[in-house]
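Following: one structure in structure tokens, then a few remarks.
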Amino acid sequence: MTEDERKAPEIDPKSVPAASGRSPSGRSRRQILAMAGGLGVAGAALLASGTLFKKQGAKVVQKLQTILPLPTKALPPLPADPALTIPGLTPLITPSNHFFQIDTATSIPSIDISSWRLTITGMVKNPITLTYSDLLKRPLFELDDTLSCVSNPVGGFLVGNARWLGCRLDDLIKEAGPLASADQLLSRSEDDFTAGFPLANLDGRDAMIAVGMNGAPLPPRHGYPARIIVPGLYGYVSATKWLTSIEITRFDAEEGYWISRGWSRLGPIKMESRIDLPADGATVDKGATHIAGIAWAPNSGVKSVEVKIDGGPWLPATLGPQLSGTTWRQWWLPWDAVSGSHTIVCRATNAKGEVQTPTVADVAPNGASGWHSVQITV
Ligand SMILES: Nc1nc2c(c(=O)[nH]1)N[C@H]1C(S)=C(S)[C@@H](COP(=O)(O)O)O[C@H]1N2
Ligand SMILES: [Mo]
């Protein structure tokens, strides 16, 4: 593969917002929906009253249709975010407008929801075609899941955590009836991006066709009207935005967009941890402060995070809430900063007791590994 191709999945740094932001917690679901739908106060009032709803004109009704049904299986409300009390800590949930964006699209496809269809075809007994409202009528569930780009370097910001809403992908594929000889789920977008992963990854994990993100319909830049989310897989093999078709096929017949460009066929997200506070290169005031960051260990969960300051011992950090086995956890460690220059390193251990590898790997072909370290001055 050429150098250009290897670099291709990296993104324009301008499109990567800092991974900090205001937590969406504290707002009611209805408020969030109302804002996302552009309805404002009037919309919220309409939602509160079915009779008012019926009296409104077609325009309002159309706007209201972008409001998602409630999940049949809802998650408990989010816990208090430790980021509220530890300044500089990355928020538990990444607000959608701060969520990293990676795609090959030159402009965001604008999709007419009334003519949009999702088809499931290929090596199946019963091909399926769904409209947007068919999709919304399926049982919807919520999923807290951390999505990472394979191009995320150690310590990088191409990773985000969201509460997704969608329907089960495994159920849909079961209904389509894949042939025994098929081994790949290849999804395609409105703009002809493709991503493929092993059918075997539909192993009971909560893979979904997502229609909602953080309490609102998927924002256009994150794939409206629908995208795939597969817990534990990098985006380039799974997370197709502006989804239009799913083809059940074989790896030896077809491959996703990035595979012929030298990236690995299989894309399980690697366990990683990141130091956000203090930032690399920062100058810190002497005295009481925190070392803090996030860590993720897909399909298992983070059991512990340890921090090493200069040549010292590994110190156990305090962990934030574990939303699910596939979300990041925040961690922090109080620190009495002493004058001088310091190197701080962190490492995670997953629920199976496996320690994050120190072996340094580049992002290509299947994701970066190694321990994140920062150099700071007090
Ligand atoms: N249609 C489309 N979907 C796509 C891509 C793309 O280029 N086009 N890129 C994938 C990659 S590489 C990643 S990491 C995720 C990023 O999702 P996000 O932009 O919502 O963070 O989207 C995936 N889905
Ligand atoms: Mo990616």
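The values are calculated or read from the model by the stated rules, or taken from the named source; none is laboratory data. Model, not experiment: these values are computed from the prediction. So basically every Cβ, Gly included, is an ideal-geometry build from the backbone, and we count neighbours across all protein chains shown. Ligands, DNA and RNA are stripped out before the accessible areas are found, and what is left, the full protein with its side chains, is counted by its heavy atoms. Shrake-Rupley method; radii C 1.70, N 1.55, O 1.52, S 1.80 Å.
A few notes on this one:
- Residues that are in contact with a Pro (Cβ under 6 Å, 6 or more places away or on another chain) and either within 16 Å of ligand 2 (Cβ to nearest atom) or open to solvent by 10 Å² or more (accessible area, probe 1.4 Å) (or both), drawn from the stretch 124-164: Val124, Tyr132, Leu136, Phe141, Glu142, Asp145, Ser151
- Filter result (within 16 Å of ligand 2 (Cβ to nearest atom) and either over 24 Å from Asn97 (Cβ atoms) or among the charged types (D, E, K, R) (or both)) within the stretch 196-232: Gly196, Phe197, Arg221, Arg227, Gly232
- Leu277 meets all of the listed conditions (1) in the same structural domain as His372 (by TED's automatic domain parsing); (2) surrounded by fewer than 19 Cβ atoms within 10 Å (Cβ to Cβ) but one, namely (2).
- Failed criterion for Pro77 (all others in (1) in contact (Cβ under 8 Å) with a residue 24 or more places away in the chain; (2) part of a loop (DSSP other than H, G, I, E, B); (3) under 22 Å from Asp206 (Cα atoms) hold): (1)
- The lone exception for Lys308 - which of (1) of a type in the set (Lys, Arg); (2) out of contact with any strand residue (DSSP E or B) (no Cβ under 7 Å at 6 or more places or on another chain); (3) over 29 Å from Leu202 (Cα atoms) it fails: (2)
- Per-region count, the stretch 253-293, residues within 16 Å of ligand 1 (Cβ to nearest atom) and closer than 17 Å to Gly320 by Cβ: 1
- Number of positions in the stretch 142-189 that are within 20 Å of Lys270 (Cα to Cα) and in a strand (DSSP E or B): 10
- For the stretch 320-335, the set of residues classified as at pLDDT 95 or above and crowded, with 18+ Cβ neighbours inside 10 Å consists of Gly320, Leu323, Thr326, Thr327, Trp328, Arg329, Gln330, Trp331, Trp332, Leu333, Trp335, listed by residue number.
- Filter result for the condition that a residue is open to solvent by 30 Å² or more (accessible area, probe 1.4 Å), of a type in the set (Gly, Ala, Ser) and at pLDDT 95 or above, over Ala176, Ala180: Ala180
- Against the numbered list (1) more than 16 Å from ligand 2 (Cβ to nearest atom); (2) under 17 Å from the mean Cα position of the chain (by Cα), Thr240 comes up short only at (1).
- Unique residue being surrounded by fewer than 20 Cβ atoms within 10 Å (Cβ to Cβ), more than 30 Å from Arg261 (Cβ to Cβ) and in contact with a Cys (Cβ under 8 Å, 6 or more places away or on another chain) when the list is Lys308, Lys303: Lys308
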